[in-house]
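The values are calculated or read from the model by the stated rules, or taken from the named source; none is laboratory data. Here the structure is a predicted model, which means the values were calculated and not measured. Note that we place each Cβ from the backbone using ideal geometry, even for glycine, and neighbour counts take in every protein chain shown. Remember, those area values only see protein heavy atoms, side chains included, never the ligands or the DNA or RNA. Shrake-Rupley method; radii C 1.70, N 1.55, O 1.52, S 1.80 Å.
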Amino acid sequence: MEVSPLRIASTSRDGRNGPTNGPAAPRVERTGIVLRPNNSRVVIRPFELSDDLRVERILARVCALSEDEVEALLGDVMRDFHNRHHKTSPFFLKRYEQVRSRMPIDRPLSDCRKLLIGSYFTQEYALESAALFNPSMVWAPDQSGVPEGSKRFILSLRATGEGHISSITFRSGIIDAEHKIHMNEATSLVTAPEIVPNTLFDKILFLRKLIELRLDGPFAETVLDSLNAQFTIGELEAAVAHVLRQNHHRRHELEPQGQGMMILARANYEITFSPELRVSERIIFPSSPSESNGIEYARFVRFEEDDGSIRYYATYTAYNGKVVLPQMLETDDFLRFKASTLNGPEVRNKGMALFPRKVNGLYAMISRQDGENVFMMYSDMLHFWYTKEQIAKPAYPWEFIQLGNCGSPIETEAGWLVLTHGVGPMRRYAMGAFLLDLDDPSRVIGRLEKPLLEPDANEREGYVPNVVYSCGALVHNGVLIIPYAMSDYASTFATVPVADVLGAMVKP
């Protein structure tokens, strides 16, 4: 993009509390678009019972019904729920197959009875009934049919529902030549993806992660020795079971190690959506034990590979109710996604954001391992991060508590533009920005003294009051388009000329 050369003002006093007469504040404009949580958007998902005896009793009750009763009950279920979901019947049949081993009888069942049984072990989940926040924008892979001067985008959001379980939902729209945002209406139908079977694991990388998690040892070595250089989760599960059987006298001691290996494997998976689903109908719901309490803070970035090809990555936080685990999503088309663990001693906390290309031949990441300061990381491997360097710390009163990023750095001619968030008195969040040197991003060359965006009277009430927060913005024709959440409840957009942001910066 084209921007004027950066003119950075000098600070007065000590550079921490800002000059008496500093640069003009950027002209931020709120769009008035508000994306609110909608409790009518529900996803169909398994209803799990941990008590096997209860499962067996439910199955026995359904098996005791006459065929006429089964057909009548199934008719009621289908009338109530069939039009609320894609492929309801296949889901019911899948659920039947998953509880089939607990059946009290061994005789052929009618399709109606199988469907009815499946419905008893299925539920709806209102995925965004509580909040719709943490927005992140990227340009869509498909730009066909877009008017001249306009661009199509995909917006990811954190949807939070019952039990405060978070998932990733999507919206789409177009930004026109006048920088106006036109959102596509979200449909009421939402569909979870299919898990891709037979995802392959690399033995060497898997062992490195086991070592990092302190799950290595004779048991893990024996399991891995029986596997090929690449293996599936089914092959791993069979190998773990085989080694446990061979050591049945030590099963109580070794079983937790086997469970740890399987939990790690299940944290690395692939999912796929049907191509006929609209963007707003796709939902990435927690799929592994490490995500059981939510998928949070997804920061998407459109990444240009060395060969010029485009791939989309998103760092996100997997949360199981106790442990925060940074992970990564990868996709080419927003239809098939690969979820992977991030590895290395510096993979910690929630604030990791990938640069949109390699820098000096290395992957680059901005991060916040200590919950307070901003760090720079480099690696020659996308999924392994071993070192960090602090590049920024809280400097102004509105960020004295902590400083963090608001998404991946944006490349401009003046430098890498990084949107930030700062926390001040009364745990009030505000958004700011700093600029990193293009060739050496560990060097901060400009910084806003005053917030770029603060919660106004209409934005300060919500699930977490007094918060504005973003997970990733875009630049369109010299204008910064910022999606942001209002007090962790709903999301909106603001725009500001990039030149205004750069012109308001001072030398750190």
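Each residue in the stretch 350-373 was checked for being in contact (Cβ under 8 Å) with a residue 24 or more places away in the chain and more than 20 Å from the chain's Cα centre (by Cα), and 5 pass. Of all residues in the stretch 452-486, those that are small (Gly, Ala, Ser) and either touching a Leu at 6+ places or on another chain (Cβ under 7 Å) or crowded, with 21+ Cβ neighbours inside 10 Å (or both) total 4.
Scanning the stretch 9-41 for residues being hydrophobic (A, V, I, L, M, F, W, C), open to solvent by less than 40 Å² (accessible area, probe 1.4 Å) and at pLDDT below 95 gives a total of 1.
Does any residue of the stretch 214-234 turn out to be part of a strand (DSSP E or B), more than 22 Å from Gly32 (Cβ to Cβ) and either open to solvent by less than 60 Å² (accessible area, probe 1.4 Å) or touching a strand residue (DSSP E or B) at 6+ places or on another chain (Cβ under 9 Å) (or both)? There is at least one residue in the stretch 214-234 that is part of a strand (DSSP E or B), more than 22 Å from Gly32 (Cβ to Cβ) and either open to solvent by less than 60 Å² (accessible area, probe 1.4 Å) or touching a strand residue (DSSP E or B) at 6+ places or on another chain (Cβ under 9 Å) (or both). Output the residues belonging to the stretch 198-213 that are touching a helix residue (DSSP H, G or I) at 6+ places or on another chain (Cβ under 8 Å) and open to solvent by 20 Å² or more (accessible area, probe 1.4 Å). Those that are touching a helix residue (DSSP H, G or I) at 6+ places or on another chain (Cβ under 8 Å) and open to solvent by 20 Å² or more (accessible area, probe 1.4 Å): Asn198, Lys203, Leu207, Leu213.
To keep it simple, each residue is scored yes or no on (1) part of a strand (DSSP E or B); (2) among the β-branched types (Val, Ile, Thr); (3) open to solvent by less than 10 Å² (accessible area, probe 1.4 Å).
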| site | (1), (2), (3) |
| --- | --- |
| Met365 | yes, no, yes |
| Tyr378 | yes, no, no |
| Ala395 | no, no, no |
| Leu403 | yes, no, yes |
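The residues in the stretch 335-354 that are buried (at least 22 other Cβ atoms within 10 Å of the Cβ) and over 29 Å from Lys393 (Cβ atoms) can be counted, and the count is 2.
Looking at the structure I just gave you, is Leu189 aliphatic (A, V, I, L, M), more than 21 Å from Phe300 (Cβ to Cβ) and modelled with pLDDT under 95? Yes: the conditions hold for Leu189. For the stretch 382-393, the set of residues classified as open to solvent by 20 Å² or more (accessible area, probe 1.4 Å) and in a loop (DSSP other than H, G, I, E, B) consists of His383, Tyr386, Thr387, Lys388, Lys393, listed by residue number. Candidates in the stretch 48-64 are the residues that are in contact with a Phe, Trp or Tyr (Cβ under 9 Å, 6 or more places away or on another chain) and over 16 Å from Lys114 (Cβ atoms); of these, the one that is most open to solvent (accessible area, probe 1.4 Å) is Glu48.
In the condition set (1) in contact (Cβ under 8 Å) with a residue 24 or more places away in the chain; (2) surrounded by fewer than 22 Cβ atoms within 10 Å (Cβ to Cβ), Thr420 is compliant with all but (2).
A count restricted to the stretch 173-195 and to residues that are within 22 Å of the chain's Cα centre (by Cα) and open to solvent by less than 20 Å² (accessible area, probe 1.4 Å) stands at 2.
Of the candidates Ile271, Ile310, Ile295, the single residue that is under 28 Å from Phe231 (Cα atoms), β-branched (Val, Ile, Thr) and open to solvent by 30 Å² or more (accessible area, probe 1.4 Å) is Ile310.
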